[in-house]
Each structure stands twice: as C-alpha cells, then as structure tokens.
1. What shape does the chain have by the C-alpha gyration tensor, where a ≥ b ≥ c are the square roots of the eigenvalues, rounded means a/c under 1.5, and otherwise prolate means a/b greater than b/c and oblate the rest?
2. Given H placed 1.01 Å from N in the peptide plane, which residues other than close sequence neighbours of residue 238 have an amide H under 5 Å from its amide H?
3. Using the beta-carbon distance between residue 114 and residue 225 and R0 = 22 Å, what value does 1/(1 + (r/R0)^6) give for FRET efficiency, to the nearest 0.05?
4. Please identify which residues in region 35-49 have an amide N closer than 16 Å to a label point set 7 Å out from the Cα of residue 278, following the Cα→Cβ vector.
5. May I ask you to sort 313, 46 by Cβ crowding, counting other Cβ atoms within 10 Å and putting the fewest first?
6. Using the per-residue mean of other Cβ atoms lying within 10 Å as a proxy for protection, in what order, highest first, do the peptides 91-102, 243-254 fall?
7. Using mean Cβ contacts within 10 Å as the protection proxy, how do 170-176, 272-278 order, highest first?
8. Whose amide H sits under 5 Å from the amide H of residue 97, counting only residues 5 or more places off or on another chain, with H placed in the peptide plane?
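Derivation of every value follows stated rules applied to the coordinates shown; laboratory data play no part. Everything quoted here is computed from the prediction, not taken from an experiment. Here the Cβ is made from the backbone with ideal geometry for all residues, glycine too, and neighbour counts use every protein chain on show.
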Amino acid sequence: MFLLKTWRATAFGLYGYLNFTKSSFLEHSKKFKVEDMQIQIQGKNCIVTGANSGIGYATAEGLASRGATVYMVCRNKERGEAALSEIQSATGNKNVYLEVCDLSSVREINSLGSRFSEKGVPVHVLVNNAGLIEHNRITTSEGYELNFAVNVLGTYTMTESLMPLLEKAAPYSRVITVSSGGMYSAPLTNDLQFSGSKFDGVEQYARNKRVQVALTEKWAERYGHKGIGFYSMHPGWAETPGVAKSLPSFSESFAGKLRTREEGADTVIWLALQPKEKLVPGAFYFDRAEAPKHLLSAATRGSHSAIDSILECLHSMSGISS
Ligand SMILES: NC(=O)c1ccc[n+]([C@@H]2O[C@H](COP(=O)([O-])OP(=O)(O)OC[C@H]3O[C@@H](n4cnc5c(N)ncnc54)[C@H](OP(=O)(O)O)[C@@H]3O)[C@@H](O)[C@H]2O)c1
C-alpha cells in the first residue's frame with residue numbers, strides 16, 4: 001500500500017514537473033487558437049465561486065471582459081467587494097455582482113440557491129472554483145471535515161441546487177469544475193471525510209479532487225440529456241494566495257516557474273466560451289485539450305465505480321430534495 005502510494009505520488013510529481021509549470025503553458029499555448037478566446041458572451045449569466053482571489057478572480061475578470069453577467073460567490077463581504085470593484089473598473093462591465101456565501105456550509109449554499117431561484121435567471125455557466133487545502137483536521141459547524149465540506153460537498157450542493165436554472169439556460173449551460181492534477185495520485189474512496197487513517201490534508205485534497213472528476217463524469221451521464229454540459233479541469237501549477245499559504249515550500253522552490261492566475265484560468269474561460277459540439281461531455285481538460293483522468297494506475301481507474309454510493313451519500317448530506 002505504502003509503495004503504491006509512493007509510486008503514484010512520484011509519478012504525479014514527475015508528470016507535473018514536465019507538464020504543469022509556466023514553461024509548459026507557454027509550450028502548449030503554441031497550439032492555442034486566438035479566435036477561441038475572442039468570443040463575446042453578452043447576456044450569459046455566469047456564476048464563479050471563490051472569485052475574489054487567484055484563478056477564480058482571473059476567471060470572473062475574463063468572463064466579465066467578454067460581456068458576461070458575472071455573479072461572484074465569495075465568503076467574505078469585504079474581500080468580495082474589493083475584487084468586484086477591481087473587476088468592474090478593469091473591464092468596464094457593470095454587470096458584476098457579489099453573493100456572499102460560505103461554501104463550507106450546506107445551509108448557506110441552499111439559501112444561495114434559493115436566492116438565485118427567486119431571481120429566476122437562467123444560469124449559463126457555473127464555475128465551481130472555490131477550494132482549499134487545510135492541513136489540520138477541522139470540523140465545520142455542520143459536522144463535516146473542512147476540505148471535504150468545501151471541495152466536495154460544496155461543489156455538489158452548489159451544482160445540484162442550481163440544476164433547474166442550468167436547465168433553463170440549456171443548451172448553452174455548462175458546469176466547469178476546477179479540479180487538480182493532484183487527483184492523479186488518489187483513487188476514488190468512500191472514506192469521504194478521511195476517518196480511516198491518520199489525517200493528511202494533502203492526500204485529502206487529492207481525494208477530493210478525484211471525487212470532482214468522477215462526479216463530473218457521472219453528472220454528464222445523468223443530466224447530459226437535459227442539455228447541460230459538465231467538464232472538470234486542471235489549471236496547471238499557478239502562483240496564487242492559496243498555493244502560497246497552503247504549500248509554502250512548493251511555492252518557494254517553484255518561484256518564477258509557476259503560471260500566473262490568468263494562465264491558470266485560461267482553460268476555464270476557454271471551456272466557458274467554446275461551442276458545446278467541440279467539447280467532450282464529462283471529460284477532464286488541461287491546457288484547452290482533453291487530458292487523461294488516470295496516470296499509469298489501474299487502481300485509480302477501477303475506483304470510479306464507487307461514485308454511485310458516494311452520490312447517494314452527498315445527496316443525503318446536501319439536504320436537497322429530489
Ligand atoms: N493554484 C494552483 O496551482 C492550483 C492547481 C490545481 C488546482 N487548483 C484549484 O484552483 C482553485 C482555485 O485555487 P487558487 O489556487 O486560485 O487558490 P486561492 O487563491 O486560495 O483561491 C481560492 C478561492 O476559494 C475561496 N474559498 C475557500 N474556501 C471557501 C469557502 N468556505 N467559501 C467560499 N469561498 C471559499 C477563497 O476565498 P478566501 O479568499 O476568502 O479564502 C478564494 O476565493 C481551487 O479549487 C484549487 O484546488 C489550483
């Protein structure tokens with residue numbers, strides 16, 4: 001078991017070093033088409049979680065600069081307002097709004113879902129970006145392990161609570177979930193809250209990101225016929241406040257080699273703009289192309305069959321009636 005974990009982590013580290021840094025973005029971008037990003041999306045309603053910082057901020061700004069109406073979902077009112085006013089003045093787009101919501105709370109997400117339902121706006125794009133690595137085992141006031149609460153349960157509840165509004169925006173509508181290449185090192189497991197062994201925040205994060213990829217695959221299968229697209233993606237290794245805070249040694253040793261937040265957001269924006277016919281439902285994307293969901297390991301590949309029981313669990317935790 002230990003050897004298998006070490007092998008997966010080493011393979012991921014090596015693969016990441018070769019593919020996820022700034023220099024690889026510059027290399028991969030030689031194949032990018034300029035016109036892909038010249039699409040304007042006036043009148044499209046886009047929700048971006050964790051939009052006050054890092055990749056979420058660059059995504060919100062990129063969508064606003066292309067004319068979208070952007071709803072920034074942030075947990076802190078002051079940080080959210082500061083980011084909103086920066087984005088409005090940088091893009092000249094006044095149709096940028098703030099919704100305050102702590103995504104570690106199912107209760108707050110459901111209340112946000114109700115506020116959107118009352119507005120009745122069709123949701124064309126939902127970007128599940130908010131995420132974190134918490135190294136200590138912290139339990140939320142609702143009783144969930146914090147990484148799981150935000151990265152997995154928050155993503156699930158946010159998406160499911162907005163499903164009727166996503167359906168309203170079909171066939172354009174799409175859900176883009178910002179996962180991570182970190183998921184390559186973890187198989188899907190039913191131990192959602194890391195209760196089975198000594199807590200490791202980085203491993204829990206990798207497991208959470210694996211769930212996001214498997215969830216996306218399942219959602220595409222389940223809701224594709226409603227005209228909603230589901231895609232997960234990896235932004236590469238980008239220099240953001242989250243990385244500096246949670247992975248200081250990584251951040252220091254890769255100083256100058258990490259992507260900018262805009263480079264990290266590039267594929268998120270690309271997925272939001274492309275005609276659906278160009279995209280593969282349920283796929284995992286990296287640098288504007290479909291990427292493998294598994295790296296050299298049959299163990300991660302086989303594990304996706306656990307998603308049905310995980311879905312049942314998430315459904316009952318989310319308090320969403322169906
Ligand atoms: N940067 C990378 O190299 C990298 C690589 C792979 C994947 N990712 C993924 O990219 C996404 C964005 O990360 P980032 O690097 O841009 O980090 P970041 O700068 O820390 O941004 C994370 C955002 O999520 C928000 N957030 C965290 N917990 C929240 C909660 N309980 N409720 C509402 N919002 C919450 C943060 O809000 P506060 O500002 O209030 O904390 C912040 O706006 C994450 O899902 C991360 O896993 C990043």
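1. Rounded.
2. Correct list: 259.
3. So the FRET efficiency works out to roughly 0.25.
4. 35-42
5. With the sparsest Cβ surroundings first, the list reads 313, 46.
6. The most tightly packed comes first, giving 91-102, 243-254.
7. Descending packing order for the listed peptides: 170-176, 272-278.
8. 70, 71, 72
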